[in-house]
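J.: A single structure is presented below for examination.
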Amino acid sequence: MPLETRSRDELIAEIHRLEDAIGRFEHEDRNKVEKLNAMEVLVGGIAHDFNNILCGILGNISLARMQLEPCHGAALRLEESEKAAVRAGELARKLLAFNFGGELAAKKRIALPPLIRDVALFILHSSRIERVVDVADGLWPVEADGGQIGQALSNLLINAVQAMPEGGRVAVRAANLHLEYGKPYRLPPGDYVWLAVEDEGSGIPPEDLQKIFDPYFTTKPSGTGLGLPSVLSIVKKHGGAVEVSSTVGVGSRFEIVLPAASGGVSPGLGE
Ligand SMILES: Nc1ncnc2c1ncn2[C@@H]1O[C@H](COP(=O)(O)OP(=O)(O)OP(=O)(O)O)[C@@H](O)[C@H]1O
Ligand SMILES: [Mg+2]
């Protein structure tokens, strides 16, 4: 029924229904973030010990290899073991990166454009990928840990590239965003910086959309399922929000909204 034909009571009931729905979403969000925080501590601790043990294994394999002639029958076995240990080390590093220790390491006023350009250049270097970086002039600065925001952006860009094995276009966009009352992005009104990563990849089926931010959810043979939970965790710790929209066979768009630094309405820091 169109809004203008409804009675005042009906409209008030509708507003209450929407407020309840927002409340439920916020509660779900809080639960997810609390679960993530607990997991970060646990996973980080295990990954740290695992990494130390691995260093011992790797060091000894390398020493043993040096004591053998390259043509020795065991040399190839040791070389394969070394490669497997290096792969395990990469996994441990991913898990360690997932542990943000609750607090943000180095939150300061930063300009996002150079960070966005550096990360995009670093990840989107393949000749099969058409890179589009569209950053609005005078982008407001944010109060953030640049390393973590860079990590979040990398995770999104890596996913975008992985969703397009045959290649295609990946766009990173950034613009200033003023949010009014009514909780768009489920955020309070104010000044924000909006970032989006768009791809033309496989897209995400509706039944998976609910799960992609759950730790360890992956559809990739060698994925860990920690990329998007890290993004959510980082952005939440900066007081922001993450949104996703996707159509199977067409592509996906991940949006990050971060609060602008106070007094952020002047472009400030250089681009
Ligand atoms: N841009 C995208 N296009 C299509 N599917 C995506 C995209 N981004 C994420 N997904 C889906 O969400 C899942 C979870 O992503 P996430 O980044 O958390 O883990 P992963 O990429 O599988 O592994 P990892 O990031 O640890 O290497 C992916 O396995 C994939 O199914
Ligand atoms: Mg990923």
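The values are calculated or read from the model by the stated rules, or taken from the named source; none is laboratory data. What you are looking at is a predicted structure, and each value in this text was computed from that prediction instead of being measured. Note that each Cβ is placed from the backbone with ideal geometry, even for glycine, and that neighbours are counted across all protein chains shown.
J.: Does Ala106 count as surrounded by 16 or more Cβ atoms within 10 Å (Cβ to Cβ) and closer than 29 Å to Ala160 by Cβ? Let's see the steps before the verdict.
T.: Details: surrounded by 16 or more Cβ atoms within 10 Å (Cβ to Cβ): no; closer than 29 Å to Ala160 by Cβ: yes.
In short, no.
J.: Would a scan of segment 167-189 turn up a residue that is within 16 Å of ligand 1 (Cβ to nearest atom) and of a type in the set (Val, Ile, Thr)? Before you say what the answer is, go through the steps one by one.
T.: Applying the first criterion (within 16 Å of ligand 1 (Cβ to nearest atom)) to segment 167-189 yields 167-173.
Of the ones still in play, those that are also of a type in the set (Val, Ile, Thr) are 170, 172.
Yes; the residues of segment 167-189 include at least one that is within 16 Å of ligand 1 (Cβ to nearest atom) and of a type in the set (Val, Ile, Thr).
J.: Another question, then. Report whether or not Gly203 is surrounded by 15 or more Cβ atoms within 10 Å (Cβ to Cβ), closer than 20 Å to Gly249 by Cβ and outside the structural domain of Glu28 (by TED's automatic domain parsing).
T.: yes
J.: So which residues in segment 136-179 are more than 22 Å from Thr219 (Cβ to Cβ) and part of a loop (DSSP other than H, G, I, E, B)?
T.: Ala136, Asp137, Gly138, Leu139, Trp140, Pro141, Asp145
J.: Still on this structure, I have one more. Condition test on Thr218, is it within 10 Å of ligand 2 (Cβ to nearest atom) and either part of a strand (DSSP E or B) or touching a residue at least 24 places away in the same chain (Cβ under 8 Å) (or both)? It would help to see each step written out before you state the result.
T.: Numbers: within 10 Å of ligand 2 (Cβ to nearest atom): yes; either part of a strand (DSSP E or B) or touching a residue at least 24 places away in the same chain (Cβ under 8 Å) (or both): no.
Spelling it out, it is not the case that Thr218 is within 10 Å of ligand 2 (Cβ to nearest atom) and either part of a strand (DSSP E or B) or touching a residue at least 24 places away in the same chain (Cβ under 8 Å) (or both).
J.: Something else: Quick test of your reading of the structure: Gly138 fulfils all but one of (1) surrounded by 17 or more Cβ atoms within 10 Å (Cβ to Cβ); (2) in the same structural domain as Val235 (by TED's automatic domain parsing); (3) among the small types (Gly, Ala, Ser). Name the failing condition by number.
T.: Result: Gly138 fails condition (1) only.
J.: Condition (residue is in the same structural domain as Val244 (by TED's automatic domain parsing) and away from ligand 1 (no atom under 16 Å from the Cβ)) applied to segment 213-227: is it met by at least one residue? Step through it out loud before you land on a result.
T.: Quick first cut of segment 213-227, residues in the same structural domain as Val244 (by TED's automatic domain parsing) only: 213-227.
Keeping just the survivors that are away from ligand 1 (no atom under 16 Å from the Cβ) gives none.
No, there is no match, as no residue in segment 213-227 is in the same structural domain as Val244 (by TED's automatic domain parsing) and away from ligand 1 (no atom under 16 Å from the Cβ).
So that you can scan it fast, the table gives a plain yes or no per residue for (1) within 14 Å of ligand 2 (Cβ to nearest atom); (2) under 25 Å from Arg30 (Cα atoms); (3) in a loop (DSSP other than H, G, I, E, B):
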position: Tyr181; (1), (2), (3): no, yes, yes
position: Leu195; (1), (2), (3): no, yes, no
position: Gly203; (1), (2), (3): no, no, yes
position: Glu207; (1), (2), (3): no, yes, no
position: Lys211; (1), (2), (3): yes, yes, yes
position: Asp214; (1), (2), (3): yes, yes, yes
position: Leu232; (1), (2), (3): yes, yes, no
position: Gly239; (1), (2), (3): no, yes, yes
position: Ser262; (1), (2), (3): no, yes, yes
